[in-house]
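Shown next, in structure tokens, is the structure this report addresses.
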Amino acid sequence: MHSREFDWRIEPLRDILSGLAAGLAAIQERIDSEDGFDGISAREHVEPLFGLALVAAQTYALGTVSDLNAVRISRRVLEVKKLECYGCDTIRLKGGVTRIELINASANYFKHHDEWTRWPTGNDLGAHDAKTLNRVGITETTESSCIAAVDLLCGTSWELIAFPQILQEWRAHLFSTLQK
């Protein structure tokens with residue numbers, strides 16, 4: 001067994017998500033205790049937390065592709081491209097988008113949307129991600145795009161514990177399908 005077949009990445013991801021869950025709890029406390037800190041204010045504070053969760057999940061996914069390719073190279077098998085791997089998932093959402101494709105596009109949106117002068121199309125930087133988001137119903141008019149993505153991935157309970165489950169399930173499927 002190659003050392004990178006073992007999932008060394010999942011525990012650090014859980015630690016990150018645990019910290020973000022504490023941030024969500026702090027936001028809930030503010031709703032309960034501060035006059036004027038309402039649902040709109042809370043959503044403005046939750047959006048970047050969810051963006052960070054999506055980036056952490058994206059980092060895990062990219063590392064998984066790196067792990068898979070290290071194993072494939074050790075077996076003298078050609079590498080696979082990350083977008084091919086992101087499309088290799090047992091569950092598809094609206095528009096045929098996989099969970100990992102949504103994580104990737106949403107994380108890229110979070111990191112780069114402030115640089116976009118308009119919603120990317122055609123050959124614009126970010127167009128691939130915008131197209132993926134459009135397919136699940138997240139568009140340039142969507143308020144709180146990261147919240148919308150988490151709603152699609154975890155439901156409206158916002159239990160980020162679903163992220164490690166999604167990613168581990170995908171990793172297992174990816175390795176069983178593409179490891180060779």
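Here, each number is a calculation from the coordinates, and none is a lab measurement. Because the structure is predicted, anything quoted here is derived from the model rather than measured. Every residue, glycine among them, receives a Cβ derived from its backbone with ideal geometry; neighbour counts consider all protein chains shown.
Points to keep in mind about this one:
- Pairwise centroid distance, computed over Cα atoms, of segment 1-54 with segment 69-132, Å: 22
- Positive-pole candidate from Leu83, Gly51, Ser106, dipole of the chain, charges at beta carbon: Leu83
- Dividing the summed helix terms, -39500 (n - 2.57) for each DSSP H run of n ≥ 4, by the number of residues in the chain produces a 222 nm estimate of -21500 deg cm²/dmol to the nearest 500.
- Taking label points 7 Å from Cα along the Cα-to-Cβ direction, Glu44 and Arg75 give a separation of 5.2 nm.
- Point-to-point label distance, Ser176-Ser18, nm (Cα→Cβ direction, 7 Å offset): 2.8
- Using the average count of surrounding beta-carbon atoms within 10 Å as a protection proxy, the listed peptides 2-14, 92-104 rank, highest first, as 92-104, 2-14.
- Loop GluC sites (Glu not before Pro), segment 104-180, which have at most 16 other Cβ atoms in a 10 Å radius of their Cβ (DSSP): Glu140, Glu143, Glu159
- Scattering profile of segment 136-178 at q = 0.18, 0.22 Å⁻¹ [log10 I(q)/I(0), Debye over alpha-carbon scatterers]: -0.62, -0.76
- Surface/4 estimate of mean projected area, convex hull on alpha-carbon atoms of the chain, nm²: 11.1
- Descending principal axes extents, segment 50-157, alpha-carbon based, whole Å: 47, 35, 24
- Whichever lysines have a C-alpha closer than 26 Å to that of Lys111, once near sequence neighbours (fewer than 8 apart) are set aside: Lys81, Lys82, Lys94, Lys131
- Estimated FRET transfer efficiency when R0 is 22 angstrom, pair Arg135-Lys111 (beta carbons, to 0.05): 0.65
- Placing +1 on the Cβ of every Lys and Arg and -1 on the Cβ of every Asp and Glu, with nothing else charged, gives segment 31-145 a dipole about its Cα centre of roughly 1060 debye.
- Between Thr121 and Ser3, residue separation times 0.36 nm minus the direct Cα-Cα distance comes to 38.4 nm.
- Charged neighbours of Glu169, selected by a Cβ distance under 13 Å, balance to 0 (K, R count +1; D, E count -1).
- Descending semi-axes in whole angstrom, ellipsoid equivalent of segment 1-87, from the Cα gyration tensor: 39, 13, 5
- Karplus-derived 3J(HN,Hα) values for segment 125-142, using 6.51 cos²θ - 1.76 cosθ + 1.60 with θ = phi - 60°, are 4, x, 5, 4, 5, 4, 5, 4, 4, 4, 5, 9, x, 9, 10, 4, 9, 6 Hz; glycine and proline are entered as x.
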